[in-house]
Amino acid sequence: MPELPEVEAARRRIERGALNRTIEAVTYGDDITHMDLPDRAALDRFTGTQFSTATRHGKFIFAGTQGGPWMMIHLGMAGSIRVMDADEVDADYIRLTVAFEGGTRLTFRDPRKFGEIVVVEDVEDYVAERGLGPDALTIGDNAFADVIGGTRGAVKSALLAQSKLAGVGNLWADESLYRAGILPDARACDLEAGRIGQLHGVVGDTLKAVVDTDAVYSKLPADWLIHRRDEGADCGICDGAIAKTKVGGRTSYFCPDHQTGA
DNA sequence: TTTACTGTTAGGAC
DNA sequence: TGTCCTAACAGTAA
């Protein structure tokens, strides 16, 4: 269930458990038909090397070797990453395994097969190639105002556009708008400058708070939307009730009472 | 059995 | 030319 905070949590697991270990083999799991994965030769470049760093841009993870290629991992709609000890048993739907000397292994699990792995020479070039906007955790006030405030369509669609702002997905876009008091289908360019600035603050705070819990939703504050994504549920902020709609084709939950469009 | 889904992107509409 | 929207991808789970 990966958006920026979940991806960041995965990156940290790699950082904690998979760096500076010699790679023995990279192997495919069962049933990788229809998946976007590197060919054998590209994967074999990692054998005998070590990951020395793990970085992230938006929802993309990059595990890098010293002076060599990077392994880009995108979790898609349902992917996850675990670093396993030798005695732990694989779950179902493992699509790729990086085995390290000593038995530790990094597993990429992806039931829905929407994930992707690419062997990358240069992270900055790759981010530019994919057309990703600035990362949602580090974008500055002015850039956020330009990129989101200048959009004529729905503000939620702007937050979701990875080419404008990388990392925000459906859940945390809804959460940020709920906490900022802005309707998801408000036209971004109709919002006052002050509200765009405020939204920037709330998006950052929201993502950071989720990152701080390692993306464990039960640890998030009780008044958040994440605990009440249900039509008719009580709003955690006012006396209203949660409503459901579609914005840009994506299911959206919001409170029609305290969220407004100007 | 039917329906919805937390991401991305190609293609078409405006 | 650019911006925006929809449908499709593949598989699971409610």
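The values are calculated or read from the model by the stated rules, or taken from the named source; none is laboratory data. What you see is a predicted model; the values in this text were computed from it and never measured. In this analysis, Cβ positions are derived from the backbone assuming ideal geometry, glycine residues included, and neighbour counts consider all displayed protein chains.
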Qualifying residue in the stretch A:35-47 (condition: within 16 Å of DNA strand C (Cβ to nearest atom) and touching a Lys or Arg at 6+ places or on another chain (Cβ under 8 Å)): yes
A:A166 surrounded by 17 or more Cβ atoms within 10 Å (Cβ to Cβ), at pLDDT 90 or above and in contact with a Pro (Cβ under 8 Å, 6 or more places away or on another chain): yes
Near pairs, Cβ below 8 angstrom, 6+ apart or cross-chain, from the stretch A:77-96 (in contact (Cβ under 8 Å) with a residue 60 or more places away in the chain) to any residue that is within 12 Å of DNA strand C (Cβ to nearest atom) and among the β-branched types (V, I, T): A:R95/A:I32; A:L96/A:I32
Extreme residue, surrounded by the fewest Cβ atoms within 10 Å (Cβ to Cβ), among residues of the stretch A:248-257 that are within 14 Å of A:W172 (Cα to Cα) and of a type outside the set (S, T, Y): A:R250
Filter result for A:A188 (within 11 Å of DNA strand C (Cβ to nearest atom), of a type in the set (A, V, I, L, M, F, W, C) and closer than 15 Å to A:A262 by Cβ): yes
Set A:S80, A:S52: member being within 16 Å of DNA strand B (Cβ to nearest atom) and among the polar types (S, T, N, Q): A:S80
Number of positions in the stretch A:157-183 that are outside any loop (DSSP other than H, G, I, E, B) and within 11 Å of DNA strand B (Cβ to nearest atom): 10
Test: residue in the stretch A:117-124 that is within 11 Å of DNA strand B (Cβ to nearest atom) and more than 27 Å from A:K246 (Cβ to Cβ): yes
From A:L37, A:L4, residue being modelled with pLDDT under 95, closer than 20 Å to A:V216 by Cα and surrounded by 13 or more Cβ atoms within 10 Å (Cβ to Cβ): A:L4
Single residue of A:G194, A:G240, A:G232 found to be of a type outside the set (S, T, N, Q) and either within 26 Å of A:R130 (Cα to Cα) or touching a residue at least 12 places away in the same chain (Cβ under 8 Å) (or both): A:G240
Criterion violated by A:R152 - all others in (1) touching an Asp or Glu at 6+ places or on another chain (Cβ under 8 Å); (2) charged (D, E, K, R); (3) near DNA strand C (Cβ under 10 Å from one of its atoms) satisfied: (1)
Test result for A:L96, part of a helix (DSSP H, G or I) and surrounded by 18 or more Cβ atoms within 10 Å (Cβ to Cβ): no
Residues that are part of a helix (DSSP H, G or I) and more than 14 Å from A:H57 (Cβ to Cβ), drawn from the stretch A:104-156: A:D141, A:N142, A:A143, A:F144, A:A145, A:D146, A:V147, A:I148, A:G149, A:V155, A:K156
Residues within the stretch A:7-24 that are surrounded by 15 or more Cβ atoms within 10 Å (Cβ to Cβ) and in a strand (DSSP E or B), tallied: 2
Where a residue in the stretch A:20-34 is farther than 15 Å from A:A91 by Cα and its partner, wherever it lies, is within 16 Å of DNA strand B (Cβ to nearest atom), with Cβ under 6 Å and at least six apart: A:I32/A:R95; A:H34/A:K113
